């Protein structure tokens, strides 16, 4: 089967030329100035083109790696046509040009059921797209920068369009070998970048250990500027592949790197404080557990190398007891007690897989107790001199015992693991147990001795593993990987779940669910009742405009628009409309631009303002901000004046406001919080309008810091954010989103596609394909997050999900792998 069966050669190269021309046209208008991101993109694009020329299948790596992170909207202001769209245009141009060449054997094919589902989904997508974009609106300044624009239908519809355009390239390149070689590393690279971005954001803003703040990270996803769950959905998609890499690690270094990536990704997941993401991770783990139990042999059909179901259940019971005791220990002894208990259980896990010399146990116990007593009595505790925490008696002796145990159990060595060394290891283990109790007592007093004693008792039970036949675990790579992953999960989940903000979130779950149900009822009430809207939907991307004009509460959300002055053609300005809510003040919509400012520097802000409506107020400030939730702001003292006598009420007025930047711009380069200029209109319960033009921010030397301050290029370099009020922008349910915007036709066809892909993945997982299980867990987690939040209004995330669905539907072609994959470098 040749690829031309899916993409005839006569059409491939004209489409390639069309995509190339569109790429050049987009770059001609793309705002490449104002900061390093444009320069980075200008370097990345030709490098990617050369890579595609050298290894065409490398797009399988680059697209999943760059989809989540190539997001420069906060710098450029472009969010209808994004950087990833330009990259995909280049991918299609290069890929289709090769498809138009000599016939190449296809790497994969689609079953008739998959083709039918894709055809029906495409027809439903086309109907929703046309219903959303027609009748065509004028291509004015707000056509491509406003969610209220009918062209928002194109923004949301492009995800399915890209997936269909990439399908012929998948059929050519997506051989199982290529997916393992390119697509899986691409997913891992994207997950690592997002996780590092989340770690940086936590370190810069609330602090890594500050779990009481209500700050919620957004990482590189600019689509979260109006809320949503883009980061949650991506982590649900990516985390199962980190587990897959850990399960398939072929060396210690790979396993260590996989554990590191898993730790970073789990940290990002837990610090989102998203209950939907927590449920998604639980669902993915339950799917993996169900698959393990389903493939485990029963009593009557033992299979070599597979643990029996009873062994799995005993391990789960042991893990449950350990989790409960670690929670108990953390509640009394804090981080130190939790870490010490985890170290003791980990030491027991390793030591229990050794052939312990039980005849030496009494002597080891006695020697350890004597040594511990001597060191504890001898250790100095200065009464009036501050001592570093790790130099205090219980902590230092715990570290000493841990180092001794590590040295005795370290792999290799001339002496091997003889009885003497194992006896010394048992002695070090006893000292660990004693110092665990001392740490608990030192931190929380006598009440902490009970959980410490229970942890020691569980650790002693674990040491009996070697006396079972067969033992519950052995020290192979799989057992160590599972234990390491479980330890990382617990060490991250326990402190986060016990934090003030997490407990508050869980306590308000019922109340928040009532609000979500109320919003869903309002969404259904806003949908017109005719059969056309029921069957084919209101149109993709139509919800923000529908909410703005037809919400049952008669709220007027804040808005931002760009306009041309009728009295002065060629003069452009931005119009900020304050929110108007019958119940009081609403959430502001903030116009943002990233700036580079110096600390303790005198700057001058200049602008022209025209106002209308009752008592509008223009808020202007410089803040430390990533995307949501500004911190450490410097208010610019701007007070609007009444119009001069004899001038109309809506007359332009000029303002020059000097101010000091104070602490903004301080910090080391990597840990320096970004600074953004914010403009927002506020007023009374009734909506009012402010027009702003000729915006300028100058340094003492006269350097202009603001780009496009005259708004002649509309939204170029300007972005916006709604920090807290997200309901006007999102339906908050993926199923309801499909039903409302694409109708019953779109919802049912997508359900059929998911069913076909899911069944195929489960069949492949039952045959022992770990990649299929990871993909199924990823899609399941994505759907669970989508139960309570909107994901379909983030095109890059939807495209990644669609590509996973397409890979799930592909079947290997009977022909051999393509030669260009066989000769790919390692």
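Observations on the structure shown:
- Spherically averaged projected area in nm², based on the convex hull that wraps the Cα atoms of the chain: 42.5 nm²
- Span from the segment 316-379 Cα centroid across to the segment 478-546 one, whole angstrom: 40 Å
- Gain in span if fully extended, residue 524 to residue 213, counting 0.36 nm per residue against the direct Cα distance: 108.5 nm
- Helical runs (DSSP H, four residues minimum) scored at -39500 (n - 2.57) apiece and divided by the length of the chain put the mean residue ellipticity at 222 nm at -18000 deg cm²/dmol.
- Extending 7 Å from the Cα toward the beta-carbon at both residue 200 and residue 450 defines two label points whose distance is 4.7 nm.
- Taking other Cβ atoms within 10 Å as a rough exposure proxy, 724, 802 sort from fewest to most as 724, 802.
- Averaging over all projection directions, the Cα-based convex hull of segment 453-562 occupies 15.6 nm² in the image plane.
- Dividing the mean sequence gap of close Cα pairs (under 8 Å, 6+ apart) by how many residues segment 313-492 holds gives a relative contact order of 37 percent.
- Stokes-Einstein diffusion coefficient of segment 37-110, Kirkwood radius over Cα pairs, 37 °C, 0.692 mPa s, in µm²/s: 241 µm²/s
- Contact order relative to length of the chain, as percent, for alpha carbon pairs under 8 angstrom and 6 or more apart: 21 percent
- Ranked list, fewest to most other Cβ atoms within 10 Å of each Cβ, for 546, 406, 742, 218: 406, 546, 218, 742
- When each of 54, 97 is scored by the number of other beta-carbon atoms lying within 10 Å, the sequence from fewest to most is 54, 97.
Read the figures in this text as sums done on the coordinates, not as results from a lab. Bear in mind the structure is a predicted one, so any value in this text is a computation, not a measurement. Heads up, the Cβs are rebuilt from the backbone with ideal geometry, glycines too, and the neighbour counts pull from every protein chain shown.
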